[in-house]
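The values are calculated or read from the model by the stated rules, or taken from the named source; none is laboratory data. Values in this document were obtained by computation on a predicted structure and should not be read as measured data. Methodologically, a virtual Cβ is constructed for each residue, glycine included, from the backbone with ideal geometry; neighbour enumeration extends over all protein chains shown. The accessibility values were calculated without ligands, DNA or RNA, using every heavy atom of the protein model including side chains. Shrake-Rupley method; radii C 1.70, N 1.55, O 1.52, S 1.80 Å.
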Amino acid sequence: MPDTRHTRVLIIGSGPAGYTAGVYASRAMLAPILVQGIEPGGQLTTTTDVENWPGDTSVMGPDLMVRMEAHAREMGCEIIGDIIVSLDLSVRPFVARGDSGTTYTADAVILCTGARAKWLGLDSEEAFKGFGVSACATCDGFFYRGAEIVVVGGGNTAVEEALFLTNFASKVTVIHRRDAFRAERIMQDRLFAHPKISVLWDHELAEVVGEHDPKGVTGVRARNVKTGVITDIPARGVFIAIGHAPASELVAGQLETHNGGYVVVEPGTTRTAIPGVFAAGDLTDHVYRQAVTSAGMGCMAALDAEKFLAGHGA
Ligand code: FAD
Ligand code: NAP
């Protein structure tokens, strides 16, 4: 039966920003409710080793997020497996509707909906999604044991995915549209030293090629961005690793966004233009986009929300 839950602080999202906001809001005795969304634990659940989380030389992303969830829960945060499908920031208290049928009303909202994988937008990419085309090596790499694999992109994600995929693949070809990666130097060095990986510079993915019965990828066509010359590369798996877009649909038309959908906050704070609405993590950050910076912003958002609520006697 549909029900309504009221909370002083509603945290939307369960990545490092959301869980950290949960820890701090709980310790401020605000009895927050955190709604996890479709990806409990957020983006780090799609990776393997995380080597830059302070205090852990190396930790598995999914393990780290299980620990963060347990920490937030232990502090008193109520964690709910639901997806917010609409959010009305024009009324007080704010109203969020869950996919479960539950309505959440809140005196303050902390938005931590993070970011999602971007796609190239090719028809052939769409046609073979789930049948050879993927955006998550951790999730799907295992399916390509002994196969040739293509990775598209030049950031940390692409380099990390390429390295991870060498655990399964006979060969990994990274296709990048420029002649230099933007990934961290240490990651690039590992990639260049790997005998199974080769890089096709200055190329873009023109088409994913495959068969339809049974459905599966057989290769890609890569176009040289300078000469237009096409190179055919055999592959059974194609991993698109070209970055992530902020998940700001819930607040579209309600909050200002910039740089392709990132929610604008007052510099140095997590305050949005609507008093009582705060945003943290990758949703607001087109520059750093790290677990530790997201967690830091989650902390800031809980402290900002606490100050707001104290000032409003809520
Ligand atoms: P996210 O982790 O993106 O989580 C967003 C959350 O919002 C999810 O729980 C989702 O379910 C929820 N959500 C979305 N919409 C809704 C909705 N409508 N209702 C309810 N909930 C919703 N960073 C590092 O520092 N080190 C690394 O080694 C590292 N490796 C990475 C590897 C990969 C493959 C990727 C993709 C990213 C990596 N990053 C790494 C970046 C890091 O994961 C992100 O910066 C960080 O997870 C962002 O945290 P966040 O809390 O802002 O959001
Ligand atoms: P990113 O840094 O934005 O890199 C995206 C890459 O894809 C860029 O090389 C870009 O090319 C390319 N690209 C974008 N659109 C394209 C298109 N339409 N066609 C072809 N290529 C395209 O994204 P990311 O690698 O996902 O990283 C996101 C954030 O998470 C970063 O802050 C990163 O540091 C962080 N992260 C960290 C780690 C880690 O610390 N170990 C691991 C993964 C991610 P150009 O270079 O030409 O723009």
Residue farthest toward the positive end of the dipole of segment 119-240, with Cβ of Lys/Arg at +1 and Asp/Glu at -1: which of VAL133, GLY154, GLY219?
-> GLY154
Contact order relative to length of the chain, as percent, for alpha carbon pairs under 8 angstrom and 6 or more apart = 21 percent
Surface/4 estimate of mean projected area, convex hull on alpha-carbon atoms of segment 119-240, nm² = 6.8 nm²
Potential lengthening between LYS226 and ARG190 on full extension [0.36 nm per residue; Cα-Cα distance subtracted] = 10.2 nm
About its Cα centre, segment 119-240 carries a charge dipole, from +1 on Lys and Arg Cβ atoms and -1 on Asp and Glu Cβ atoms, whose size in debye to the nearest 20 is 320 debye
Beyond 37 Å, what share of the Cα-Cα pairs of the chain is found? Please give it as a whole percent.
-> 24 percent
Residue span GLU126 to ARG92: 0.36 nm per residue of separation minus Cα-Cα distance leaves a gain in nm of 8.1 nm
Just how far, in whole angstrom, is segment 41-115 from segment 1-32 if you go by their alpha carbon centroids?
-> 8 Å
Accessible surface, per residue, of segment 1-56 when the full set of protein chains is kept, probe 1.4 Å, Å² = 44 Å²
Given a 1.4 Å probe, the accessible area of segment 119-240 per residue, as a whole number of Å², is 50 Å²
Could you work out how far apart the two model spin labels at ASP213 and ALA117 are, taking each label as a point 7 Å from the Cα in the direction of the beta carbon, and quote it in nm?
-> 2.9 nm
Filter the DSSP H helices in the chain by two things, a Kyte-Doolittle mean of at least -1.0 and an axial alpha-carbon span of 15 angstrom or more, and list the hits by number.
-> 16-27, 61-75, 291-311
What order do ARG8, ARG185 take when sorted by accessible area (1.4 Å probe), most exposed first?
-> ARG185, ARG8
Please get the size of the charge dipole for the chain, origin at its Cα centre, with Cβ charges of +1 on Lys and Arg and -1 on Asp and Glu, quoted in debye to the nearest 20.
-> 300 debye
Find out how many positive minus negative residues lie around GLY298, taking Lys and Arg as positive, Asp and Glu as negative, among other residues whose Cβ is under 12 Å from that of GLY298.
-> -3
Taking 113-119, 257-263, 50-56, 295-301 and ranking on average Cβ neighbours within 10 Å, highest first, one gets 295-301, 113-119, 257-263, 50-56
Give the ranking of SER86, SER124 by solvent-accessible surface, highest area first, calculated with a 1.4 Å probe.
-> SER86, SER124
Go through segment 189-244 and name the trypsin sites (Lys or Arg not before Pro) that are in a DSSP coil and have 11 or fewer other Cβ atoms within 10 Å of their Cβ.
-> LYS226
Paramagnetic label zone (point 7 Å from Cα along Cα-to-C-beta, HIS286; backbone N under 19 Å) in segment 118-135 = 118-120
